[in-house]
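J.: Please find one structure pasted underneath; my questions will follow.
The values are calculated or read from the model by the stated rules, or taken from the named source; none is laboratory data. Keep in mind the model is a prediction, meaning the values are calculated, not measured. Please note: Cβ atoms are built from the backbone with ideal geometry, for glycine as well, and neighbour counts cover all protein chains shown.
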Amino acid sequence: MRHIKAILLSTFVAATTLTTGASATPVYFHNDSGASGVVDVYVNGQLVFDDVFPDNSMMFPKELLAGEHEVVVTPNYLKPGEQDLMRTTLTVPEAGFENYAYTMTFSSGTDGVYAPALSLE
């Protein structure tokens with residue numbers, strides 16, 4: 001019986017150590033670019049937000065690990081690399097101890113010039 005308790009305790013400690021090293025941060029997406037139409041957002045090659053209408057925000061955040069991520073915004077019916085609207089690298093900070101979330105905003109630029117931008121605030 002002692003061996004079973006010891007094995008369970010060591011398994012629990014190992015699992016806790018593995019999961020506490022990576023910090024996930026809640027991230028929302030806001031499509032603030034009317035000219036873009038409906039978009040999909042890929043992070044590191046994975047579809048994270050889909051069918052985001054212009055001037056619309058996602059109601060539920062996605063958990064992203066802190067660190068650098070390749071982000072690709074595409075028209076909703078195309079895969080990355082076919083006709084990307086934006087491809088960039090963003091650094092997601094750690095959330096810290098407060099319940100802080102970030103918003104990734106896709107915008108069309110300023111002064112009437114369509115120059116897409118992606119920011120994380």
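J.: Residue by residue through the stretch 76-89, note down the ones that are exposed (fewer than 13 other Cβ atoms within 10 Å of the Cβ), part of a loop (DSSP other than H, G, I, E, B) and of a type in the set (S, T, N, Q).
T.: The answer is Q83, and nothing else.
J.: With respect to L64, determine if the residue is more than 19 Å from P116 (Cα to Cα), in contact (Cβ under 8 Å) with a residue 12 or more places away in the chain and in a strand (DSSP E or B).
T.: Taking the combined requirement at face value, the residue satisfies it.
J.: In addition: Against the conditions (1) modelled with pLDDT under 90; (2) β-branched (V, I, T); (3) part of a strand (DSSP E or B), where does I7 fall short? Just the number, please.
T.: Only one criterion in (1) modelled with pLDDT under 90; (2) β-branched (V, I, T); (3) part of a strand (DSSP E or B) is unmet by I7, namely (3).
J.: Of L78, L85, which residue is over 16 Å from A117 (Cα atoms) and not hydroxyl-bearing (S, T, Y)?
T.: Going through L78, L85 in turn, just one is over 16 Å from A117 (Cα atoms) and not hydroxyl-bearing (S, T, Y): L78.
J.: Within the group V39, V73, which residue is surrounded by 14 or more Cβ atoms within 10 Å (Cβ to Cβ), β-branched (V, I, T) and in contact (Cβ under 8 Å) with a residue 60 or more places away in the chain?
T.: Selected residue: V39, the only one of V39, V73 that is surrounded by 14 or more Cβ atoms within 10 Å (Cβ to Cβ), β-branched (V, I, T) and in contact (Cβ under 8 Å) with a residue 60 or more places away in the chain.
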